[in-house]
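First up is the structure itself, then whatever we jot down about it.
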Amino acid sequence: PLLAELRRRHPDAQVSLVIRNTAAIEADLLAFRIDIGFVEGPTHSPRLRALPWRQDRLCVFAAPDHPLARSGDPTADALRQAPWVMREPGSGPRQVFDRAFASLAGLPRIVLELSQPEAIREAVRAGAGLGCLPEATLADAFAGGWLVPLQTPFLDLSRLLRVVVHRDKYLSGGLRAMLALCGIEPDA
């Protein structure tokens, strides 16, 4: 929706979108290969400005016929013992997931690591294990009934999404327009 609104307001704007993990976005920004990054995880370079954008939450999900989907609310032990299909290390969702499970004294068994959310959704749908992705990326699957959310109130899966720019990057009119759509005033 953000890109569609940018195109409505600025029909001549040319946008190229690449989906990568937070570590890769940070490296691309530092090398000036990209102009702006939308990240889920923390950045580490003092040469970057990470501007708070909005709160988000991950959701644990399963195929409707998965035993934990049929049994009701899963326990922390049941989640630790189940196979998982997850994003790769370095991705924002994986960092939040690892942090949440570390607070429960032990990481679960990850059987597949995939770099694209759609691949994770399809693997979980096919019965490869449980998944954990942003709620927004799962809404259509939940509405269609081909994936179901699992209630995990004992896991803190919240996170802050950030917009990241290089401190030395000139903020063109196009970049300022994108930041404005995000509700961010870069000079503040």
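Observations on the model:
- Computed with a 1.4 Å probe over protein heavy atoms only, the accessible surface of the stretch 82-140 comes to 41 Å² per residue.
- Three-way shape call for the chain based on the alpha-carbon gyration tensor, with the a/c threshold at 1.5: prolate
- For the chain, built as a Gaussian network whose Cα springs stay under 10 Å, the top-fluctuating residue of LEU29, LEU150, LEU175: LEU175
- Overall form of the stretch 29-80 per C-alpha gyration tensor (a/c, 1.5; a/b vs b/c): prolate
- Couplings for the stretch 28-35, taken from phi via the Karplus curve 6.51 cos²θ - 1.76 cosθ + 1.60 with θ = phi - 60°, read 5, 5, 5, 8, 6, 7, 10, 8 Hz in order; Gly and Pro are left as x.
- For the chain, calculated [θ]222 nm from helices alone, where every DSSP H run of n ≥ 4 adds -39500 (n - 2.57): -8500 deg cm²/dmol
- In this Cβ point-charge picture (+1 for Lys and Arg, -1 for Asp and Glu), the chain has a dipole of about 280 debye about its Cα centre.
- Applying a DSSP loop filter and a limit of 13 other Cβ atoms within 10 Å to the GluC sites (Glu not before Pro) in the stretch 1-80 leaves nothing.
- Solvent-accessible area of the chain (1.4 angstrom probe, protein heavy atoms only): carbon and sulfur portion equals 53 percent.
The values are calculated or read from the model by the stated rules, or taken from the named source; none is laboratory data. Quantities reported herein were computed from a predicted structural model and do not represent experimental measurements. Quick reminder, even Gly has a Cβ in these numbers, built from the backbone with ideal geometry, and neighbours come from all protein chains shown. Calculation scope for accessible area: heavy atoms of the full protein, side chains included, ligands and nucleic acids excluded. Shrake-Rupley method; radii C 1.70, N 1.55, O 1.52, S 1.80 Å.
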